[in-house]
Amino acid sequence: ITITVTDNAGNESNLLTVNEFNIYDSIFDVTSNGTSGYLISENGIQLSNGGNNPQISLQKGKKYLFNISNASTHPFNINENNTGTIYSSGIIGQGTSLLTFSVPQNAPSNLYYQCGNHAAMQGNINIT
């Protein structure tokens, strides 16, 4: 995207080029609480009063960003079930520090998140 700024006389005064521009419907910050659970906030607001492994609610057709702290120790994965089968449709960055999820229209109504290293760090994702 290139944005040109002009003054009142029509002279170009500034040029700004942005190589990539992403718009997300919500941004989730995911941190670990030891090996017992994830603490998750959505757009700066703690989910589930700051408790471990809160439910996440997403909507089909929307795009989400998950910022994962300590992803090397606590890889955050989105799964089809709570036994670790990775869900991949619309997801970029499973197990990394930045995961994007463009929820497809045919997504199931329930998915799960889970740490790739610690079974207790898991929760439900409700999709409508």
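The alpha carbon convex hull volume per residue for the chain rounds to 134 Å³. Where both partners of a DSSP beta bridge lie in the chain, what percent of those bridges are antiparallel, to the nearest 5? Given both bridge residues lie in the chain, the antiparallel proportion sits at roughly 80 percent.
Entry comment: accessible area of the chain is 56 Å² per residue, from protein heavy atoms only and a probe of 1.4 Å. Here the dipole of the chain is about 380 debye; that uses its Cα centre as origin and unit charges on the Cβ of Lys and Arg (positive) and Asp and Glu (negative). Among 74, 118, the order of accessible area from largest down is 118, 74, computed with a 1.4 Å probe on protein heavy atoms.
With all protein chains present, how much of the accessible area of the chain (probe radius 1.4 Å) comes from carbon and sulfur, to the nearest whole percent?
Working: 3260 of 7190 Å².
Accessible surface attributable to carbon and sulfur in the chain totals 45 percent.
Protein-only accessible surface at a 1.4 angstrom probe places the residues 18, 30 in the order 18, 30, largest first.
The values are calculated or read from the model by the stated rules, or taken from the named source; none is laboratory data. Keep in mind that this is a model prediction, so the values were computed, not measured. So basically every Cβ, Gly included, is an ideal-geometry build from the backbone, and we count neighbours across all protein chains shown. In case anyone asks, the SASA skips ligands and DNA or RNA and just uses the protein heavy atoms, side chains included. Shrake-Rupley method; radii C 1.70, N 1.55, O 1.52, S 1.80 Å.
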